[in-house]
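These notes concern the structure reproduced below.
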Amino acid sequence: KMVLESEKPETVSEKAFADGNRIHVFVRLRPMSKKEKEAGSRCCVRIVNRRDVYLTEFANEHDYLRLKRLRGRHFTFDASFSDSTTQPEVYSTTTSELVEAVLQGRNGSVFCYGATGAGKTYTMLGTVENPGVMVLAIKDLFTKIRQRSCDGNHVVHLSYLEVYNETVRDLLSPGRPLVLREDKQGIVAAGITQYRAYSTDEVMALLQRGNQNRTTEPTRVNETSSRSHAILQVVVEYKVRDASMNIVNKVGKLSLIDLAGSERALATDQRTVRSIEGANINRSLLALSSCINALVEGKKHIPYRNSKLTQLLKDSLGGACNTVMIANISPCNISFGETQNTLHWADRAKEIRTKACEPNEEKIEVPESGTDQTKLLLELQKEN
Ligand code: ADP
Ligand code: MG
């Protein structure tokens with residue numbers, strides 16, 4: 001059955017997202033690993049009331065002095081997840097509203113930020129037993145599609161790409177680097193695989209394979225690179241009738257982003273060959289910081305063009321888009337400095353305002369009879 005736009009109940013979140021709004025910022029603390037416990041690591045983070053984050057001890061005097069200077073001891077976010085928060089809880093609090101909005105033809109993006117080992121990939125991709133936001137979002141998307149219509153009218157496409165060393169690669173079909181182009185939907189990676197997904201079952205395996213295609217560090221053979229940014233894009237396209245019975249094509253895009261380790265933006269060994277990579281990661285993450293700073297300060301010019309990452313994220317950051325940031329942190333006192341940096345950055349991101357998020361829609365002219373499109377429309381009408 002075709003869904004009448006005017007009949008659909010308006011959710012609270014839809015209202016909230018419809019007027020210009022700010023980025024929603026969440027923090028997730030990961031549990032301490034067995035190894036870390038055995039090494040005598042102490043926890044330096046407390047989460048209170050599901051909102052407040054306190055840094056409670058310092059690894060050394062240097063951190064203490066720095067802390068005094070920055071006064072960054074207490075932070076508060078839209079929600080802060082303790083180390084016992086489950087994947088579905090993280091998904092439903094941070095991302096389920098964005099999935100709903102994508103089904104209204106709106107754009108949304110979620111990105112994970114934090115130091116290497118802080119839990120970004122666990123949050124985004126997760127494991128087979130505990131799938132993360134990417135998988136839960138797609139699962140939820142298919143459930144919601146089934147609930148709202150039985151016309152088989154929604155088309156879902158997935159693309160999964162990597163930005164590594166200022167090069168864009170297709171994670172679903174590795175090969176030559178992709179070129180970025182501007183088209184009417186924004187910046188796109190030309191020729192990227194658009195995988196038509198019909199159900200959730202295939203998705204976890206697909207994404208895990210894709211993740212294995214991420215560039216690995218030469219020195220840490222079995223580890224996924226901490227310098228690579230991974231972006232999953234989910235595009236949902238469908239047709240509806242508006243109040244005056246015109247057929248309207250709607251397109252919503254959800255981008256889920258697992259950023260490179262944020263520590264690279266601060267510490268880079270300029271002397272080794274690897275510094276070329278480091279400098280480029282610096283470039284992408286620094287460019288991201290500059291864009292965020294410019295957005296926070298309400299500047300007219302936002303320097304998106306400075307890196308591949310920021311070009312790709314252009315419509316996810318300052319555009320008409322619902323944006324969620326999840327800052328991942330480690331509990332260990334040895335990571336105190338990184339944790340504080342991450343929290344400081346996340347605190348700043350709270351200030352970003354985004355534009356009103358209007359649905360992307362295009363009225364379809366009723367074509368001459370006999371064309372494929374007419375047949376499609378007639379079929380749709382028959383099902384009504
Ligand atoms: P990152 O992608 O930020 O470098 P990972 O997601 O790979 O970090 O996490 C580092 C390790 O910690 C992995 O072994 C991961 O499985 C584990 N981990 C991270 N977050 C959690 C969590 N919330 N619950 C259980 N294990 C986690
Ligand atoms: Mg990772």
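The values are calculated or read from the model by the stated rules, or taken from the named source; none is laboratory data. Keep in mind that this is a model prediction, so the values were computed, not measured. Every residue, glycine among them, receives a Cβ derived from its backbone with ideal geometry; neighbour counts consider all protein chains shown.
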- Task: Only residues that are among the β-branched types (V, I, T), within 16 Å of ligand 1 (Cβ to nearest atom) and in a helix (DSSP H, G or I): list them for region 102-149, please.
- Result: T121, T123, V133, V135
- Can you name the residue in region 138-193 that is at pLDDT 85 or above and hydroxyl-bearing (S, T, Y) and is also nearest to Q208 (Cα to Cα) among such residues? Y160
- Can you run down the residue pairs with Cβ atoms below 6 Å, 6 or more apart or on separate chains, where the first is in region 161-181 and within 18 Å of L285 (Cβ to Cβ) and the partner is among the basic types (K, R)? E162/R169; E162/R214; V163/K308; E166/K308; V168/K308
- Do any strands (runs of 3 or more DSSP E) lying entirely in region 153-202 carry at least 3 residues that are under 19 Å from S307 (Cβ atoms), and which ones are they? 155-164, 167-170, 180-183, 186-189
- Task: Run down S13, S96 and say which single residue is closer than 30 Å to E362 by Cα, at pLDDT below 75 and not β-branched (V, I, T).
- Result: S13
- Right, N280: buried (at least 18 other Cβ atoms within 10 Å of the Cβ) and modelled with pLDDT under 75 or not? yes
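Let's see how each residue does on (1) touching a strand residue (DSSP E or B) at 6+ places or on another chain (Cβ under 8 Å); (2) among the aliphatic types (A, V, I, L, M); (3) within 16 Å of ligand 2 (Cβ to nearest atom); (4) free of Cβ contacts under 8 Å to residues at least 60 places away in the same chain:
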{"residue": "A79", "(1), (2), (3), (4)": "yes, yes, no, yes"}
{"residue": "V99", "(1), (2), (3), (4)": "yes, yes, no, no"}
{"residue": "V102", "(1), (2), (3), (4)": "yes, yes, no, no"}
{"residue": "G108", "(1), (2), (3), (4)": "yes, no, no, no"}
{"residue": "G117", "(1), (2), (3), (4)": "no, no, yes, no"}
{"residue": "V133", "(1), (2), (3), (4)": "yes, yes, yes, no"}
{"residue": "A137", "(1), (2), (3), (4)": "yes, yes, no, no"}
{"residue": "F142", "(1), (2), (3), (4)": "yes, no, no, yes"}
- Message: With within 16 Å of ligand 2 (Cβ to nearest atom), over 24 Å from N360 (Cα atoms), in contact with a Lys or Arg (Cβ under 8 Å, 6 or more places away or on another chain) and among the β-branched types (V, I, T) as the only criterion, which of T123, T127 stands out?
- Response: T123
- Any hit, region 219-227, residues being modelled with pLDDT under 95, in a strand (DSSP E or B), within 15 Å of ligand 1 (Cβ to nearest atom) and under 14 Å from the mean Cα position of the chain (by Cα): no
